[in-house]
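Worksheet for the structure shown next.
The values are calculated or read from the model by the stated rules, or taken from the named source; none is laboratory data. Because the structure is a prediction, the values reported are computed rather than measured. Here Cβ is always computed from backbone atoms with ideal geometry, including for glycine, and neighbour counts include all displayed protein chains.
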C-alpha cells in the first residue's frame with residue numbers, strides 16, 4: 001500500500017442493523033489496531049529455552065478510535081444511542097487502495113468536548129465484538 005491521505009480512511013456504521021452503512025461524522029483522526037494474545041507453550045525441553053507459542057490459539061481483537069465533529073444530529077443520535085443501549089453493531093473501516101475491514105464492534109468510550117470559540121468535538125473508541133472480515137480493494 002502506497003502513501004494515502006488520512007482523510008480518505010472512512011468509518012461507517014450499520015445504521016439500521018440490516019446492512020445499511022452510514023459514514024460516521026466528520027472524523028479528523030482515526031486509527032485501527034489489530035492485536036492477538038499469545039499462548040505460551042514453552043516447556044523444559046524447548047530448544048535453547050526459547051519461548052514457544054501455540055499457533056492460532058490466542059484471542060484476536062481489533063480496536064478503532066477516532067475524533068472529529070458530527071456532521072448532523074442524526075449521526076450524533078445514532079452513535080449515542082448505540083453507546084447508551086450497549087449494542088454491538090457492524091462497522092466498516094474503508095482503507096483506500098487496501099480494502100475494507102467489517103464486523104461487530106461495541107462503542108466503549110464516547111467523549112464530547114468544546115471550546116467557547118469552536119465546534120463541539122467528540123472522540124470515540126470501539127472494540128471488536130465478533131469475527132471480522134477483510135475484503136481487498
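Figures for the structure shown
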read-out	value
Residues located in the range 9-34, provided they are assigned to a loop (DSSP other than H, G, I, E, B) and in contact with a helix residue (DSSP H, G or I) (Cβ under 7 Å, 6 or more places away or on another chain)	15, 24, 25
Subset of the range 75-93 [over 17 Å from residue 131 (Cα atoms) and touching a residue at least 40 places away in the same chain (Cβ under 8 Å)]	75, 76, 78, 79, 82
Qualifying residue in the range 43-60 (condition: in contact with a helix residue (DSSP H, G or I) (Cβ under 9 Å, 6 or more places away or on another chain) and either farther than 14 Å from residue 103 by Cα or exposed (fewer than 11 other Cβ atoms within 10 Å of the Cβ) (or both))	no
Subset of the range 102-116 (residues that are buried (at least 17 other Cβ atoms within 10 Å of the Cβ) and at pLDDT below 95)	none
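For every residue, the table says whether it meets (1) touching a strand residue (DSSP E or B) at 6+ places or on another chain (Cβ under 9 Å); (2) part of a strand (DSSP E or B); (3) surrounded by fewer than 17 Cβ atoms within 10 Å (Cβ to Cβ).
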{"site": "38", "(1), (2), (3)": "yes, no, yes"}
{"site": "68", "(1), (2), (3)": "yes, yes, no"}
{"site": "82", "(1), (2), (3)": "yes, no, no"}
{"site": "118", "(1), (2), (3)": "no, no, yes"}
